[in-house]
Amino acid sequence: MEYFLTEQQKTIKSLARRIAEEKILPMRATLDETEEFPWDIVRDLADADMFRVFLPEEYEGLGGGCLDLCLVIEELSRICSAVAVTYATSALGSLPLLEYGSEDQKQKYLPDIASGKKLAAFALTEATAGSDAGAIKTTADRGNGGYVLNGTKQYITNGGEAEIYTVIALTNKEKGARGASAFLVEKDTPGFSFGKKEKKMGIRASATRELVFRNCLVPEENMIGKEGMGFIMTMRILDRSRPGIGAQAVGLGQGALEVAVDYAQQRIQFGHPIIALPVVQNTLANMATEVEAARALVYAVARTIDSGAKRFTEESAMAKVFASDMVMRVATDAVQICGGAGYMRDYPVEKMMRDAKIMQIYEGTNEVLKMAIAIELRKRKAAWE
Ligand SMILES: Cc1cc2nc3c(=O)[nH]c(=O)nc-3n(C[C@H](O)[C@H](O)[C@H](O)COP(=O)(O)OP(=O)(O)OC[C@H]3O[C@@H](n4cnc5c(N)ncnc54)[C@H](O)[C@@H]3O)c2cc1C
């Protein structure tokens, strides 16, 4: 399908593909087995200016937008979703700064994120606050010339590896979600440490850790945006980043499809390649159609965001839900087409199926996002009437 990408977008996409094939592919299985954080690959991505693509030129970015970011995520995820989420999360961690940060904060932090010298992370989730994100308990009390953070964040991607953390904490406990604010916390801040490193089903080379704050003093100037706006900012930032999860799903779906087609052409049963069987053709045709439909939706939503549109909650949720449900089916079908071989770790579809599952869960579970879509539909229905 022709997506009418700009010359710069085509260049970015093909460069991301080259890095994925030359640098990530040879390491993919080892990284998955050892669960080692892919620092060498992060450095390769930084050397190729991949962390710059979505940041404005004044902060040493390349001036691209959501679509440019999605193109890179898609190409990385086609080979390895663990690397893709590591990369995408640095963008997520820097979005609050980009959208709501002061000029001083942007000048101080964004160039290092653009160069890939420093990774970023975004910390909202806690043990008692997952889908119910408004139930966070981490506090940020005013004192000693700043805010003192106390609490524990759970399941934070890039935890322990990133240098820069956007942390959502309560500046006013009584107000609940409306009393939440966002803070920039640097890794070496006294009182900030790392807890449990999770052992995961998939995306195993990505780091998922607890962040622990014990009387951690964060300077006043590290608050992002206005006090009490942390929750609203979070919802708007996630609207912007969810097409990135869609792009992870599209890339993984494409990778799984390619493996399945190759296998079906080579595997001989009953004297013929299994791709000659109508049932296999039917499955492959459905997989290809679903991947392409998800890609079209993700690109369209990314373009809507890049157009400067103000509201895209529903569209962004649709792209994430549709693409992640798609990739779970496509990765499962890819394993099925590869038969017993597909179940073995020697074949990449085994990892792909494990990696696919998380896309239906993080950045809002699909169940919760469907509720958000339905709420928007009800509002829209009122407008239709
Ligand atoms: C690998 C990984 C990386 C992550 N990275 C980050 C990160 O970088 N930063 C961060 O802040 N968080 C991160 N998360 C957290 C992630 O966003 C949450 O896990 C997710 O939002 C779901 O929350 P939960 O796990 O508490 O599930 P729960 O909220 O407990 O949900 C459990 C089940 O109940 C369903 N459910 C809950 N409420 C409703 C409802 N109202 N209606 C219908 N169904 C409902 C859910 O859909 C789900 O099926 C990560 C999680 C994982 C696993």
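Data table
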quantity: Share antiparallel - DSSP beta bridges, the chain, percent rounded to 5; calculated: 85 percent
quantity: Hydrodynamic radius (Kirkwood) for the stretch 211-309, which is based on Cα pairs only, to one decimal in Å; calculated: 17.6 Å
quantity: Most to least packed among 61-67, 335-341 [average Cβ atoms within 10 Å]; calculated: 61-67, 335-341
quantity: Cut-off of 10 Å, at most 15 other beta carbons, DSSP loop: longest stretch of the chain lacking such trypsin sites (Lys or Arg not before Pro); calculated: 1-116
quantity: Reachable aspartates and glutamates from LYS381, criterion Cα separation under 19 angstrom, eight or more residues apart if same chain; calculated: GLU314, GLU315
quantity: Net charge contributed by nearby residues that have their C-beta within less than 15 Å of THR152 (K/R +1, D/E -1); calculated: +3
quantity: Between helix 313-337 and the chain: long-axis angle, C-alpha atoms, 0 to 90°, nearest 10; calculated: 40 degrees
quantity: FRET efficiency, 1/(1 + (r/R0)^6) with R0 51 Å, evaluated for GLU221 and TYR343 via beta carbons; calculated: 0.45
quantity: Positive dipole terminus of the stretch 26-177, leading residue within ALA48, PRO38, SER94 (C-beta point charges); calculated: SER94
quantity: Prolate/oblate/rounded label for the chain (Cα gyration tensor, a/c 1.5); calculated: prolate
quantity: When the stretch 173-257 is reduced to its Cα atoms, the Kirkwood hydrodynamic radius in Å; calculated: 16.0 Å
quantity: Accessible-area composition of the stretch 246-385, carbon plus sulfur, in percent [1.4 Å probe]; calculated: 61 percent
quantity: Where the stretch 247-343 is the region considered: accessible area per residue in Å², 1.4 Å probe; calculated: 43 Å²
quantity: Net charge contributed by nearby residues that have their C-beta within less than 14 Å of THR34 (K/R +1, D/E -1); calculated: +2
quantity: Degrees, to the nearest 10: 230-266 long Cα axis against longest axis of the chain; calculated: 20 degrees
quantity: Radius of gyration and maximum dimension Dmax of the stretch 33-111, Cα, Å; calculated: 13.0, 42
quantity: Gain in span if fully extended, LEU277 to LYS10, counting 0.36 nm per residue against the direct Cα distance; calculated: 92.5 nm
quantity: Projected-area mean, the stretch 123-213, by convex hull of Cα positions, square nanometres; calculated: 6.0 nm²
quantity: Violating pairs (Cα-Cα greater than 27 angstrom) within the set LYS118/LYS153; LYS200/LYS226; LYS118/LYS175; LYS226/LYS370; calculated: LYS200/LYS226; LYS118/LYS175; LYS226/LYS370
quantity: In Å², nearest 10: area of GLU22 left accessible to a 1.4 Å probe; calculated: 120 Å²
quantity: The stretch 115-149-the stretch 331-347 distance, computed between alpha-carbon centres (Å); calculated: 40 Å
quantity: Anisotropy class of the stretch 1-52 from Cα gyration tensor, a/c 1.5 cut; calculated: prolate
quantity: Extreme residue, positive dipole direction of the chain, given options PRO26, LEU369, ILE203 (C-beta unit charges); calculated: LEU369
quantity: Residue-averaged [θ]222 nm for the chain, counting only DSSP H segments that reach four residues, each worth -39500 (n - 2.57); calculated: -17500 deg cm²/dmol
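The values are calculated or read from the model by the stated rules, or taken from the named source; none is laboratory data. If you're wondering where the values come from, they're calculated on a predicted model, not measured in any experiment. Note that each Cβ is placed from the backbone with ideal geometry, even for glycine, and that neighbours are counted across all protein chains shown. To get the accessible areas, we keep the full protein, side chains included, count just its heavy atoms, and leave off ligands, DNA and RNA. Shrake-Rupley method; radii C 1.70, N 1.55, O 1.52, S 1.80 Å.
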